[in-house]
Amino acid sequence: MKNLKTYFSLMFILILISGQSNISYSQTGWILKSTGTNINSVFFINPSLGWMVGDSGLAYATYDGGVNWSGLDSKTSANLTSVFFKTETTGWAAGNNGTIIKTSDGGNNWNVLTTGITSGISSIHFPTLDSGYAVGVNLLKTTDGDTWLDLG
């Protein structure tokens with residue numbers, strides 16, 4: 001009887017250990033993706049579609065949840081510090097020297113916008129579809145996505 005109790009106790013422990021090992025191996029974890037420069041901001045509009053920006057005008061897009069990234073021509077060499085998309089096609093990135101760039105086709109083509117400032121922009125965001133803000137040393141506002149007003 002004592003041997004049977006020991007046998008079942010050992011079987012129970014083995015089942016617990018083997019069950020926990022399946023849990024720990026089922027996670028994929030982080031995967032290192034090197035770009036050769038700093039990545040400063042990432043934005044996902046849904047689980048599959050996202051963008052990242054970084055130093056020296058770095059811009060990438062993903063269409064599969066970050067598994068693969070495609071390089072984009074940002075039309076700038078400025079260090080980009082923030083990226084935001086309000087739809088799957090319309091988005092902005094901002095960075096050093098008052099740089100703001102805009103795309104209307106998901107990042108395939110970017111246009112450099114005039115901001116009238118030379119200080120860096122650390123963040124860009126659109127709380128509504130019509131109004132957006134960019135902040136750094138200055139506070140900028142837009143109501144059309146193209147023209148930026150320096151609020152100080």
Subset tally (residues that are surrounded by fewer than 22 Cβ atoms within 10 Å (Cβ to Cβ) and under 12 Å from residue 123 (Cα atoms)) for the range 83-109
2
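Taking residue 59, is it surrounded by 14 or more Cβ atoms within 10 Å (Cβ to Cβ), more than 26 Å from residue 151 (Cα to Cα), within 12 Å of the chain's Cα centre (by Cα) and of a type in the set (Gly, Ala, Ser)?
yes
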Looking only at the range 26-53, which residues are modelled with pLDDT of 95 or more and touching a Leu at 6+ places or on another chain (Cβ under 6 Å)?
53
Is it the case that residue 114 is within 30 Å of residue 144 (Cα to Cα), β-branched (Val, Ile, Thr) and modelled with pLDDT under 95?
yes
Looking at the range 84-98, I want the residues that are at positive phi and of a type in the set (Phe, Trp, Tyr) and have a partner that is surrounded by fewer than 23 Cβ atoms within 10 Å (Cβ to Cβ) and not in a strand (DSSP E or B) with Cβ atoms under 9 Å, at least 6 apart or on another chain. Which pairs are those?
none
Can you name the number of the only condition in (1) surrounded by fewer than 21 Cβ atoms within 10 Å (Cβ to Cβ); (2) out of contact with any helix residue (DSSP H, G or I) (no Cβ under 6 Å at 6 or more places or on another chain); (3) modelled with pLDDT of 95 or more that residue 79 fails?
(2)
Assess whether residue 139 counts as being touching an Asp or Glu at 6+ places or on another chain (Cβ under 8 Å), free of Cβ contacts under 8 Å to residues at least 60 places away in the same chain and among the aliphatic types (A, V, I, L, M).
yes
For the range 71-144, which fully contained strands (runs of 3 or more DSSP E) count at least 1 residues that are β-branched (Val, Ile, Thr)?
80-85, 100-103, 111-113, 121-125, 132-136, 139-142
I need the full set of residues from the range 124-151 which are polar (S, T, N, Q), over 17 Å from residue 103 (Cα atoms) and within 22 Å of the chain's Cα centre (by Cα), in order please.
128
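The values are calculated or read from the model by the stated rules, or taken from the named source; none is laboratory data. None of the values given here were measured: they were computed from a predicted structure. Glycine also receives a Cβ, built like all others from the backbone with ideal geometry; neighbour counts cover every protein chain displayed.
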